[in-house]
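Working notes, beginning with the structure itself.
The values are calculated or read from the model by the stated rules, or taken from the named source; none is laboratory data. Quantities reported herein were computed from a predicted structural model and do not represent experimental measurements. In this analysis, Cβ positions are derived from the backbone assuming ideal geometry, glycine residues included, and neighbour counts consider all displayed protein chains.
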Amino acid sequence: MINDHSALLLKAIDGKFLSADEGLELYLNAPLSQLMFAANEVRKKLHPHGKVTWIIDRNVNYTNICVSGCKFCNFYRGKNHREAYVTSIEEYRQKIDELFALGGNQLLLQGGMHPDFGLSFYTELFQALKGMYPDLKLHALGPPEVVHIAQLESLSYHDTLERLMAAGLDSLPGAGAEILVERVRSEVSRNKCTANQWLDVMREAHRLGLTTSATMMFGHIETPEERLQHMIAVREVQAGKPDAATGFISFIPWPFQDKNTVLSKRYNVHNSVSREEYIRTIAISRLMLPNIQNVQASWLTVGKETAQLCLHAGANDFGSIMIEENVVSVAGADYKFDKEGIRKAIREAGFEPQFRNQQFEFLPSPE
Ligand code: SF4
């Protein structure tokens with residue numbers, strides 16, 4: 001690599017932290033082939049085995065009643081809306097039975113921020129699900145819900161998380177991050193937790209030994225600089241985690257899905273992310289976040305072929321076959337994979353598929 005960007009790319013391959021300006025220079029101006037090459041080198045260092053991981057989990061929404069009103073979401077309903085629901089135990093039973101029959105054991109359990117659901121709703125639900133299915137893993141809620149519950153109950157994040165963990169919470173998804181910059185959040189998700197609150201919940205989760213992930217929803221009103229700020233905020237929290245904790249186990253960037261959202265209908269904001277831009281974003285994520293082990297290509301939102309290219313641009317994880325997903329699906333993401341399909345897609349891209357659990361431990365592939 002002999003050009004102006006070589007020193008920066010070599011610094012990143014070396015595992016050193018790039019500054020926001022350095023990252024931005026590469027993100028905007030480095031040739032795509034060089035960005036992909038460097039990100040692939042980082043992936044090879046972190047994952048020399050050449051395997052690409054995947055998981056089976058089931059996304060269940062415990063309610064679609066939400067007080068947040070995010071402008072990119074057309075999943076939520078008001079409490080008295082005729083389509084408002086709270087998932088019943090019988091419905092959980094049916095969905096979890098299907099999950100186990102397919103060879104998965106993890107529920108990605110998320111919902112709206114119900115105005116009346118305090119801590120006991122979640123602890124009783126977790127205990128009930130774990131009582132019925134002791135092997136079930138709960139990858140549940142996210143920092144916005146934790147902040148919401150803590151505020152309703154006048155509890156610290158520490159105490160809220162500790163009680164959720166005692167009731168069965170196994171890991172905390174990085175949901176609701178969008179872009180961790182106040183200017184953006186005040187525009188697109190004004191009633192949700194602030195960037196600092198999101199980061200504080202994650203810091204506390206890591207102190208408690210709870211494994212988490214981080215997401216980035218981009219391609220709406222944010223600038224490239226703000227995407228880089230987001231990555232650096234996540235990286236700093238990860239750098240401050242206790243040594244024994246995993247902290248953020250993965251980083252998952254995905255483009256805003258605009259169909260029928262308030263952002264697109266009322267504000268004329270549409271998903272602006274091209275295939276090249278998504279690949280560049282995966283690559284720069286891999287280069288900016290050397291202290292986070294896994295980067296996931298979001299095939300659900302960008303489709304198979306773009307996600308396959310991302311496996312050559314730093315991504316090492318293909319995520320889940322997603323038996324059920326409601327939030328981005330109703331906003332236009334309609335790609336689907338079954339077990340054989342996801343394995344075939346990984347092989348086509350030149351990698352060996354490896355089934356995993358939420359802790360990224362390798363497991364035998366389910367038949
Ligand atoms: S994205 Fe989540 S928090 Fe925002 S409105 Fe939708 S359900 Fe509520």
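A quick yes/no check of all residues on (1) surrounded by fewer than 19 Cβ atoms within 10 Å (Cβ to Cβ); (2) within 16 Å of the ligand (Cβ to nearest atom):
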position	(1), (2)
Gly174	no, yes
Glu182	yes, no
Asn196	yes, no
Thr223	yes, no
Arg227	no, no
Gly240	yes, no
Gly247	no, no
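Residue by residue, here is whether (1) of a type in the set (Phe, Trp, Tyr); (2) over 19 Å from the mean Cα position of the chain (by Cα); (3) closer than 17 Å to Cys70 by Cα holds:
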| site | (1), (2), (3) |
| --- | --- |
| Leu172 | no, no, no |
| Ala177 | no, no, yes |
| Val184 | no, no, yes |
| Thr211 | no, no, no |
| Glu226 | no, no, no |
| Gly247 | no, no, no |
| Val262 | no, yes, yes |
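Can Arg203 be described as basic (Lys, Arg), in a helix (DSSP H, G or I), in contact (Cβ under 8 Å) with a residue 40 or more places away in the chain and in contact with a helix residue (DSSP H, G or I) (Cβ under 8 Å, 6 or more places away or on another chain)? Taking the combined requirement at face value, the residue does not satisfy it. The helices (runs of 4 or more DSSP H) located wholly in the range 103-170 that include 3 or more residues which are within 16 Å of the ligand (Cβ to nearest atom) occupy 143-153.
If a residue must be more than 9 Å from the ligand (Cβ to nearest atom) and of a type outside the set (D, E, K, R), how many such residues does the range 70-95 contain? Number of matching residues: 11. Looking at Val60, Val52, Val67, just one residue is within 12 Å of the ligand (Cβ to nearest atom) and either β-branched (Val, Ile, Thr) or assigned to a helix (DSSP H, G or I) (or both), and that residue is Val67. How about the range 76-95: which of its residues are assigned to a loop (DSSP other than H, G, I, E, B), modelled with pLDDT of 95 or more and closer than 14 Å to Asn61 by Cα? Across the range 76-95, the qualifying residues are Glu83, Ala84, Tyr85, Thr87, Ser88. Against the list (1) within 16 Å of the ligand (Cβ to nearest atom); (2) free of Cβ contacts under 8 Å to residues at least 60 places away in the same chain; (3) at negative phi, the condition Glu187 fails is (2).
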